[in-house]
Amino acid sequence: MMDLIIIGSGCAGCAAAIYASRAGLKPLVIDGFQPGGQLTMAGEVENFPGFPDPIPGLTLMDGMRRQAERLGAQFVGGSVTGVDFSKRPLKVFKGSEVYEARSVIIATGALAKWLGIESERKFIGKGVSSCAYCDGYFYKGKRVAVVGGGDTALGEALFLSGIAKEVIVVHRRAELRANRLLQERALREGKIKFEWNKAVLEVLGDDRVNGLLLKDVISGEIKRLECDGLFVAIGHKPNTDVFRGHIEMDAEGYIVTRDLVRTSVDGVFAAGDVCNKKYRQAVVASALGCIAAIEAEKYLR
């Protein structure tokens, strides 16, 4: 029987582990399928407070993990395969193993939806990104492409237009899906251009991205687009399938919270991108992990 189990070891999970350990809860952290979370895929992180020089995402997450371990958190590998929040104690299943706890923090995050082409994965962190707010600064005065036509894509294009020399929005349709206000702003912005009815066939480059191969989905024509970076903005999917039916979620699968981190089940809290789909930043996920740990300690007390 444990006081607290934390599911996920990204920014939210590690921050929760640090604060819970300092409160004397001796949390168990279950790594998940991607130990360290999305930040481990980031090349360099330049906007995390306290680091005047850029720090590799993997290094940052390794430091957060070691800090939590030093304070008393225990980490175990593997992914959660099931839960039972219907009665006490709360149960968390990892294959044939069963863990029991008085409280749980869900910090399993969300995954960016990628295009699914081989060259895209090759250049992640080397010119391919899923977060303009994280990596946009590296493209100051450069030419970048954004793939997508929804709110996320236009929001990132508008943000990048304040940094980059030119932003090309690549969309496989002839009209946008974003809300009307975002569309009007993007269409008025002189730095934003559009490639309509185009799909990305291949990401081009040597050590870093230097262009895209685009296909016209109507005519079949193939052309090269010169650019220094690609931002994939076709949405995110929260890692919540295992919790479906056990906790309240919205239509997209994000965990519904009140008071920032409290879920529909007493003693179960959520933190980070698993419940926050608006501000996808490492510092925000870390802050929510801190809040979840504080609330869990209050609940247990």
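Quick one: putting +1 on the C-beta of Lys and Arg, -1 on the C-beta of Asp and Glu, what dipole do you get for the chain around its Cα centre, in Debye to the nearest 20?
340 debye
Roughly how many debye, to the nearest 20, is the charge dipole of the range 160-301 about its Cα centre, given +1 on each Lys and Arg Cβ, -1 on each Asp and Glu Cβ, and no other charges?
With Lys and Arg at +1 and Asp and Glu at -1, about 360 debye.
If you take every residue apart from Y299 with its C-beta less than 13 Å away from the C-beta of Y299, what net charge results, scoring Lys and Arg +1 and Asp and Glu -1?
Net charge in that neighbourhood comes out at 0.
Positive end of the dipole of the chain, charges at C-beta (+1 Lys, Arg; -1 Asp, Glu), about the Cα centre: which of N179, F75, I18 has its Cα farthest in that direction?
Checked the options; the winner is N179.
If you add up the charges near W196, with Lys and Arg at +1 and Asp and Glu at -1, over every other residue whose beta carbon is less than 15 angstrom from its beta carbon, what do you get?
Taking every other residue near W196 into account, the sum is +3.
For the chain, can you list the cysteines whose C-beta has no other cysteine C-beta under 4.7 Å from it?
C11, C14, C227, C275, C290
For q = 0.11, 0.15, 0.16, 0.19 Å⁻¹, what log10 I(q)/I(0) does the range 1-143 give under the Debye formula with an equal point scatterer on each alpha carbon and no solvent?
Evaluating at q = 0.11, 0.15, 0.16, 0.19 Å⁻¹ gives log10 I(q)/I(0) of -0.49, -0.81, -0.88, -1.09.
Which loop chymotrypsin sites (Phe, Trp or Tyr not before Pro) in the range 91-167, with loop taken from DSSP, have no more than 15 other Cβ atoms within 10 angstrom of their Cβ?
W114
Just subtract the alpha-carbon distance of Y137 and R301 from 0.36 nm times their residue separation and send over the number in nm, one decimal.
54.7 nm
In percent, how large is the relative contact order of the chain, given Cα pairs closer than 8 Å and 6 or more residues apart?
Once divided by the residue count of the chain, the mean separation gives 22 percent.
Helix-only estimate, please: 222 nm mean residue ellipticity of the chain, summing -39500 (n - 2.57) across DSSP H runs of length 4 or more and dividing by its residues, to the nearest 500.
After summing the helix terms and dividing by the residues of the chain, the value is -7500 deg cm²/dmol.
Charges only on Cβ, +1 for Lys and Arg, -1 for Asp and Glu: so what's the dipole of the range 114-232 about the Cα centre, in debye to the nearest 20?
I would put it at about 200 debye.
Go through I117, A199, V144 and say which Cα lies farthest out towards the positive end of the charge dipole of the range 114-232; charges sit on Cβ, +1 for Lys and Arg, -1 for Asp and Glu.
Most positive-ward Cα: V144.
Work out the P(r) tail for the range 114-232: percent of alpha carbon pairs separated by more than 17 Å, whole number.
Distances greater than 17 Å cover 50 percent of the Cα pairs.
Just to be sure I understand: of the beta bridges DSSP finds with both ends in the range 114-232, what percent are antiparallel, rounded to 5?
45 percent
Taking the Cβ of each residue in T152, T59, T108 as the centre, tally the other Cβ atoms inside 10 Å and list the residues starting with the fewest.
With the sparsest Cβ surroundings first, the list reads T59, T152, T108.
Rank G50, G37, G267 by mean-square fluctuation in a GNM of the chain with C-alpha springs under 10 angstrom and give only the top-ranked residue.
G50
Taking the Cα atoms only, what angle lies between the long axis of helix 151-161 and the longest principal axis of the chain, rounded to 10 degrees?
60 degrees
Would you please name the chymotrypsin sites (Phe, Trp or Tyr not before Pro) within the range 2-82 that are DSSP coil residues with at most 13 other C-beta atoms within 10 Å of their C-beta?
F33
Just to confirm the filter: which GluC sites (Glu not before Pro) across the range 224-301 are DSSP coil and have at most 15 other Cβ within 10 angstrom of their Cβ?
Sites meeting the loop and neighbour criteria: E248, E252.
Evaluate E = 1/(1 + (r/R0)^6) for K223 and F159, where r is the Cβ-Cβ distance and R0 equals 35 Å; express this FRET efficiency to the nearest 0.05.
E(calc), rounded to 0.05, equals 0.85.
Multiply the residue gap between V98 and I117 by 0.36 nm, knock off their C-alpha separation, and tell me the result in nm, one decimal place.
Answer, rounded to one decimal: 3.1 nm.
How much length is gained if the chain between R70 and I294 is pulled fully straight, taking 0.36 nm per residue apart and subtracting their Cα-Cα distance, in nm to one decimal?
78.8 nm
Every number here is computed from the coordinates shown, using simple stated rules; none is lab data. Being a predicted model, the structure only gives us computed values, none of them experimental. No Cβ is skipped: glycine too gets one built from the backbone with ideal geometry, and neighbour counts run over all protein chains shown.
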